1. Got at least one residue in the range 156-179 being of a type in the set (S, T, N, Q) and closer than 13 Å to residue 199 by Cα?
2. Please specify each residue of the range 199-212 satisfying the condition of being touching a residue at least 12 places away in the same chain (Cβ under 8 Å) and surrounded by fewer than 17 Cβ atoms within 10 Å (Cβ to Cβ).
3. Condition first: more than 16 Å from the chain's Cα centre (by Cα), crowded, with 17+ Cβ neighbours inside 10 Å and within 16 Å of the ligand (Cβ to nearest atom). Can you find one or more residues in the range 129-143 that meet it?
4. Taking helices (runs of 4 or more DSSP H) that fall entirely within the range 80-155, which contain at least 1 residues that are of a type in the set (A, V, I, L, M) and under 17 Å from residue 177 (Cα atoms)?
5. Sort out which residues of the range 162-178 are within 16 Å of the ligand (Cβ to nearest atom) and touching a helix residue (DSSP H, G or I) at 6+ places or on another chain (Cβ under 6 Å), and write them in order of number.
6. Can you tell me which residues in the range 144-161 are more than 16 Å from the ligand (Cβ to nearest atom) and either of a type in the set (Phe, Trp, Tyr) or closer than 16 Å to residue 279 by Cβ (or both)?
7. Need the failing condition index for residue 156 against (1) touching a Gly at 6+ places or on another chain (Cβ under 6 Å); (2) in contact (Cβ under 8 Å) with a residue 60 or more places away in the chain; (3) of a type outside the set (Val, Ile, Thr); (4) on the phi > 0 side of the Ramachandran plot, just the number.
8. Do we have residue 236 as among the charged types (D, E, K, R) and either crowded, with 16+ Cβ neighbours inside 10 Å or within 18 Å of the chain's Cα centre (by Cα) (or both) here?
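The values are calculated or read from the model by the stated rules, or taken from the named source; none is laboratory data. Fair warning: this is a prediction, and the values are worked out from it, not measured in the lab. Cβ coordinates were reconstructed from backbone atoms using ideal geometry, including for glycine residues, and neighbour counts include every protein chain displayed.
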Amino acid sequence: MAYRQKKWTIFIIALLVLGAFGVFHFRPVHGNALVRPFGGLFGFHGVVSADGEYGGTIVTIGNKLVAERTAQTKSVTQVPSGSLHVPILMYHHIADVGLEVDRLQKDLTVSPEVFQTELDWLSQNGYHSVTLEQVYLATQKQFELPAKPIVFTFDDGYLDVFINAVPLLAKHHFVGSFAVVPGFFGQSGYTTWELVEQAKSQGMEMVSHTETHFDGTSKKFDSEFIRQNLEQSLSELDSHLGHVPRILVYPYGHFSNEYINIAKQVGFVMGLTTAYGQFIRSDSLMTTPRVRVHGAGTLDKFIETLTGIKQFNTK
Ligand SMILES: [Zn+2]
């Protein structure tokens, strides 16, 4: 065989081998997922997708997430060693929206019907819901997470969430983690102590979203204000619910190093942001990312955001 011919043969064989492993199908497509076009000879499967709005990109092989790009990293990073793959879903309202609400409000509101389809899909696809406290304990090697763990978080303590989401979660044997603002309890549109206590007795988890939903990075609030506000939220929650986990959900997703330091002094061991990401890194628990669920989205979009795999009219 001539030298030139041999070189081409080797090149083609190499391409076939790489193709079988899905290597050259890793191609980021903004807002879309590209699924490997050939059957996986070795069961390997490469998909890259981008959640355009939040800059998240995940890379999966088979069902396993192997890398992700977050809004902060800007480039695809390998699964950090010692990190856990736990998508923490972020919801705000579970309600039907009227025609008069604005775009932002629509985006923050998932209808009970769509929420139910998301829960059905997660349940049928083997996801197991866990609490934030269990995720924290898993990072400390004090708890073993089930297969396909997932967390449902609900910010702000809206009344509709306690009326609509709690029964649906319970029906699916899922638990929810509610980031509540005790200073707002009883106000129009917000939950009450009674509903919070009831949800807790059904196995739901309550965590602090501060006492008054202040922006911890605003110059208006000095360190003493921050400390007292965080402490008060915990003492109120503790007195009604027993000891609540020391997990803080930052209002507006805003945090600074100073704010984090105060939160740690108050006793918080984990802080949740609004940045996109699915890896829980034990070396940066105070800036744990989440996966936003959009109100205007469809079940297909929800599955794509979670798995990186584009859906075609899931029913
Ligand atoms: Zn909030």
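1. Yes, that holds for at least one residue.
2. Selection gives 202, 203, 212.
3. No, the range 129-143 contains no residue that is more than 16 Å from the chain's Cα centre (by Cα), crowded, with 17+ Cβ neighbours inside 10 Å and within 16 Å of the ligand (Cβ to nearest atom).
4. Because the criterion is at least 1 residues that are of a type in the set (A, V, I, L, M) and under 17 Å from residue 177 (Cα atoms), the helices (runs of 4 or more DSSP H) in the range 80-155 that meet it are 112-124, 132-139.
5. The answer is 162, 176, 177.
6. 145, 148, 149, 150, 151
7. (1)
8. Yes.
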